Amino acid sequence: MSKARVLSLFDSDAFLRAAGAERVGEDASRKLVELLEDNADRIVFQAKILAGHAGRKSITREDILLAANMG
């Protein structure tokens, strides 16, 4: 069972066009959504660990930044 998509294909298409793409295939929009959501899942997972390590339940901006830079 696949997880529910959070980001829309419309937003993905708009982002690609804003970045300079004149035409965007649906498969490109779907792949961008997949990559963005996978990276977001990884970042949130790491940020939750960082917040927990600091004794917090709330994830802060700093947790997100640190998690994003963990690679």
Under the span-like rule (Cα at least 20 Å along the axis, Kyte-Doolittle mean at least 0.0), DSSP H helices of the chain: none
Among I43, A54, A14 the positive-end extreme of the charge dipole of the chain (Cβ point charges): A54
Relative contact order %, the stretch 9-69, counting alpha carbon pairs below 8 Å whose residues are six or more apart: 25 percent
Residue-averaged 222 nm ellipticity for the chain, from DSSP H runs of 4+ at -39500 (n - 2.57), nearest 500: -22000 deg cm²/dmol
Size of electric dipole in the chain: Cβ of Lys, Arg +1 and of Asp, Glu -1, about Cα centre, debye, nearest 20: 300 debye
Normalised per residue, the volume of the convex hull around the Cα set of the chain (Å³): 118 Å³
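Every number here is computed from the coordinates shown, using simple stated rules; none is lab data. Note that this is a predicted model, so its numbers are computed, not measured. Methodologically, a virtual Cβ is constructed for each residue, glycine included, from the backbone with ideal geometry; neighbour enumeration extends over all protein chains shown.
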